[in-house]
Each structure stands twice: as structure tokens, then as C-alpha cells.
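The next block holds one structure in the form of C-alpha cells; read it before the comments.
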Amino acid sequence: MKKTLALLILALAVSGCDLATFGSVPAYLDLTPPDGPPEYRQGWADGCATARDALVDHFNKAFTTIRQDPDLMKNPVYAQVWHDAFNYCWYMQDTIQSNKI
């Protein structure tokens with residue numbers, strides 16, 4: 001009886017998952033940082049990862065953090081690229097999740 005109840009709860013939990021918001025990224029959305037200096041690449045990676053994490057459901061948001069290096073935010077290249085990457089990845093992921101593409 002316990003095993004059946006556990007399987008039922010697991011099935012209900014999994015059936016409620018939306019894989020688009022559970023961290024999967026479509027293959028055609030290239031999130032690799034463009035070539036550039038290390039602070040540029042790091043800013044892109046951190047900004048894009050933060051945007052992706054920001055679009056998960058409310059439960060999973062409890063386990064995400066803003067990926068941003070406070071020391072590098074003083075670097076104008078890192079700071080600008082972080083914001084650009086955040087905006088780009090937010091828009092692309094939101095568009096994909098909304099089935100607009």
C-alpha cells in the first residue's frame with residue numbers, strides 16, 4: 001500500500017512539471033558566450049544563467065540565485081555584458097516558453 005501511494009504521489013508530481021521551465025533549453029537557442037576577454041565571457045554566462053533561472057516556476061525560484069560577481073560588477077565591460085545577456089536570454093527564453101517562436 002505504501003509503495004502504491006508513493007508511486008501515485010510521484011506520478012502526480014511529475015505530471016505537473018513543465019519541462020520548458022525546469023531548466024531545459026531548446027537546442028536552437030545558443031547560450032554559449034561570444035568570443036571576447038574573460039570578463040566579457042563571464043558577464044555573458046552569469047547574466048544569461050540568471051535570466052534562465054528567473055523564469056522558472058515559483059517553487060524552483062526558491063533554489064535559484066542571482067549569478068553576479070560583485071567585484072566584477074565594478075568592471076564596465078562585465079556589468080554591461082551582464083545586463084545585455086540577461087535581457088537577451090530573458091526575452092528568448094520567455095518567447096520560447098510562450099510558444100511565440
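The values are calculated or read from the model by the stated rules, or taken from the named source; none is laboratory data. For clarity, every value in this text was computed on a predicted model and none was experimentally measured. Backbone-built Cβ (ideal geometry, glycine too); neighbour counts: all protein chains shown. Keep in mind that these areas ignore ligands, DNA and RNA; they rest on the heavy atoms of the full protein, side chains included. Shrake-Rupley method; radii C 1.70, N 1.55, O 1.52, S 1.80 Å.
Restricting to the range 31-44, what's the tally of residues that are touching a helix residue (DSSP H, G or I) at 6+ places or on another chain (Cβ under 8 Å), in a helix (DSSP H, G or I) and open to solvent by 40 Å² or more (accessible area, probe 1.4 Å)?
Looking only at that region, the number is 3.
What are the pairs, 6+ residues apart or on separate chains, where a residue within the range 32-45 that is at pLDDT below 90 has its Cβ under 8 Å from a residue that is among the charged types (D, E, K, R) and not in a loop (DSSP other than H, G, I, E, B)?
Pairs found: Pro33/Arg41; Pro34/Arg41; Asp35/Arg41.
Return the total of residues in the range 68-101 being modelled with pLDDT of 85 or more, charged (D, E, K, R) and in a loop (DSSP other than H, G, I, E, B).
Residues in the range 68-101 being modelled with pLDDT of 85 or more, charged (D, E, K, R) and in a loop (DSSP other than H, G, I, E, B): 2 in total.
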